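**Q** Take a look at this one; I'll ask things after.
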Amino acid sequence: MDTTPITINAHIAATLDKVWAFYTKPEHITQWNFADDSWHCPSAKNDLRKGGKYLARMEAKDGSFGFDFEAVYDEVIPEEKMVFTLEDGRKTAVLFEESNAETKVTITFDAEKENSLEMQKNGWQAILNNFKKYTESH
């Protein structure tokens, strides 16, 4: 697949174990997995193991649009990294690094062809920023 990788990151003022739990547990995923307040994530399932499936429902709050974000895990190393393949074959890697009472989350994902690279980067970064805000405030 001919794709362009995009990398984003955030430094979260929380321990690695908390960041991992908030990033991977469905009860937390539904609280942060959207780019802005006009969207929400009403449901999430996460079978966090090689071959396991991730599924998050993402919807506009006004009901005008929604989609399922689905992936299958290729590799899972708890509190270190996860690599998964999206439904359309694109790859994503999420790395977790703890240092000095904060955790850096770095996501590298293959871009899709429908939207500009800048729009994709900004959208994924907005979701990661929402994750940071949620994790640091709970």
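The values are calculated or read from the model by the stated rules, or taken from the named source; none is laboratory data. Computed from a predicted structure; not experimentally measured. Glycine gets a Cβ as well: all are built from the backbone with ideal geometry, and neighbour counts include every protein chain shown. To get the accessible areas, we keep the full protein, side chains included, count just its heavy atoms, and leave off ligands, DNA and RNA. Shrake-Rupley method; radii C 1.70, N 1.55, O 1.52, S 1.80 Å.
**Q** Does the stretch 101-112 include one or more residues that are open to solvent by 30 Å² or more (accessible area, probe 1.4 Å), touching a Leu at 6+ places or on another chain (Cβ under 7 Å) and either acidic (Asp, Glu) or assigned to a loop (DSSP other than H, G, I, E, B) (or both)?
**A** No, because not a single residue in the stretch 101-112 is open to solvent by 30 Å² or more (accessible area, probe 1.4 Å), touching a Leu at 6+ places or on another chain (Cβ under 7 Å) and either acidic (Asp, Glu) or assigned to a loop (DSSP other than H, G, I, E, B) (or both).
**Q** If the Cβ limit is 9 Å and pairs must be 6+ apart or interchain, which residue in the stretch 74-85 that is at positive phi and in contact (Cβ under 8 Å) with a residue 24 or more places away in the chain pairs with which residue that is of a type outside the set (Phe, Trp, Tyr) and open to solvent by 50 Å² or more (accessible area, probe 1.4 Å)?
**A** Glu79/Asp17; Glu79/Glu98
**Q** May I ask you to say which residue of Ile29, Ile12 is in contact (Cβ under 8 Å) with a residue 60 or more places away in the chain, β-branched (Val, Ile, Thr) and open to solvent by less than 60 Å² (accessible area, probe 1.4 Å)? Break it down into steps so the answer makes sense when it comes.
**A** Working: Ile29 fails: in contact (Cβ under 8 Å) with a residue 60 or more places away in the chain.
The conditions single out Ile12.
**Q** Something else now. Let me spell it out: the conditions are (1) out of contact with any Asp or Glu (no Cβ under 6 Å at 6 or more places or on another chain); (2) open to solvent by less than 60 Å² (accessible area, probe 1.4 Å); (3) among the aliphatic types (A, V, I, L, M), and Leu55 meets all of them except one. Which number is the exception?
**A** (1)
**Q** Would it be correct to say that Tyr23 is aromatic (Phe, Trp, Tyr), farther than 22 Å from Asn122 by Cβ and buried (at least 16 other Cβ atoms within 10 Å of the Cβ)? Talk me through it step by step, then tell me what you get.
**A** Values: aromatic (Phe, Trp, Tyr): yes; farther than 22 Å from Asn122 by Cβ: no; buried (at least 16 other Cβ atoms within 10 Å of the Cβ): yes.
So Tyr23 fails the test.
**Q** Could you give every pair whose Cβ atoms fall below 7 Å, whose first residue belongs to the stretch 107-121 and is under 15 Å from Lys91 (Cβ atoms) and hydrophobic (A, V, I, L, M, F, W, C), and whose second residue is open to solvent by less than 60 Å² (accessible area, probe 1.4 Å) and in a helix (DSSP H, G or I), counting only separations of at least 6 or pairs across chains?
**A** So the pair list comes out as Ile107/Trp124; Ile107/Leu128; Phe109/Trp124; Ala111/Gln120.
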